[in-house]
Amino acid sequence: MHATFLAVGLLTLPGALGTELRRDGYSFRPPKGFHMVRWEQYAGSRVGAVALDPDAPRALSAALTDGDGPDAATLLVSVVGRGFSASPSDREEFASAVMQHYQRELGLSLAAERVERLGGVTPRVEVLGTLREAGQVRTVLVAGLASEGEHAVVMVSAPAVRWQALEPQVRASLETFRHEPPSAGGPVPRRVLGALAGTLAGALVVSYTAWRRRRLRHAAGNPT
């Protein structure tokens, strides 16, 4: 309850959040200072696309960052082609799916610190944890947001030393998230279609570490 009031209060603070982003049937306001990266580098990836059903169509839909160096934070939004109620019974199942996603698909060990269900206009289940990458400890927040038909998963990663300052904005941003699922029989979101095509190409799943390394190489002007 306290976190919800804090997030709502932050929405009224000047500069707390950036301009609304609309994409693939959802909308939200990212933390101020976050911007979209060049999408063609990451189209077809399933990084962060946590799903309770491993056979569900899913793909990365948006990738944002607040900088270019190793101390930058990243925010990924994925769309999963299944509904998610974020009910109390989903809490442990989602946490387990997050751990398996990191271990099996990203090849990283995530140490979970807290799992909780939050209410509000868009209920969600959050998993907060830490991982070590290239000698740096990073805090990771993975949130599954309730929606029918399909749902979104938001993954935020930041250096642990930055998390305390960044967390209020992240939680305020999640409070603005809205998802309008497609009607029955409607088209699959374009990023999910891209993911299915990527499967045929044999290059669908990109590890989180490779994703970050590639982004840093582009930032340094060395795309190879």
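The values are calculated or read from the model by the stated rules, or taken from the named source; none is laboratory data. Since this is a predicted model, take the numbers as computed values, not measurements. Reconstructed Cβ throughout: ideal geometry from the backbone, glycine too, with neighbour counts over all protein chains shown. To get the accessible areas, we keep the full protein, side chains included, count just its heavy atoms, and leave off ligands, DNA and RNA. Shrake-Rupley method; radii C 1.70, N 1.55, O 1.52, S 1.80 Å.
Of all the accessible heavy-atom surface of region 21-179, with the other protein chains kept in place and a 1.4 Å probe, what percent is carbon and sulfur?
48
For MET36, put the label point 7 Å out on the Cα→Cβ axis and report which residues of region 138-159 keep their amide N under 20 Å from it.
It comes to 151-157, nothing else.
I want to check the label-to-label distance for GLN103 and SER89. Put each point 7 Å from Cα in the C-beta direction and report it in nm to one decimal.
The modelled label-to-label distance comes out at 2.5 nm.
Quickly rank 30-38, 54-62, 149-157 as a protection proxy: mean count of other C-beta atoms within 10 Å, highest first.
Going by the mean number of other Cβ atoms within 10 Å, highest first, we get 149-157, 54-62, 30-38.
Compute the separation of the alpha-carbon centres of region 137-174 and region 59-106 and state it in Å as a whole number.
Taking the Cα centre of each part, region 137-174 and region 59-106 sit 8 Å apart.
Return the sequence-ordered ³J(HN,Hα) values of region 147-162 in whole Hz as given by the Karplus equation 6.51 cos²θ - 1.76 cosθ + 1.60 applied to θ = phi - 60°, using x for Gly and Pro.
With the stated coefficients, region 147-162 comes to 5, 8, x, 8, 8, 10, 10, 10, 10, 10, 10, 8, x, 4, 5, 9 Hz.
Just to confirm the filter: which GluC sites (Glu not before Pro) across region 70-107 are DSSP coil and have at most 10 other Cβ within 10 angstrom of their Cβ?
Nothing satisfies the criteria.
When ligands, DNA and RNA are left out and all protein chains stay put, how many square angstrom of accessible area per residue does region 21-179 have with a 1.4 Å probe?
38
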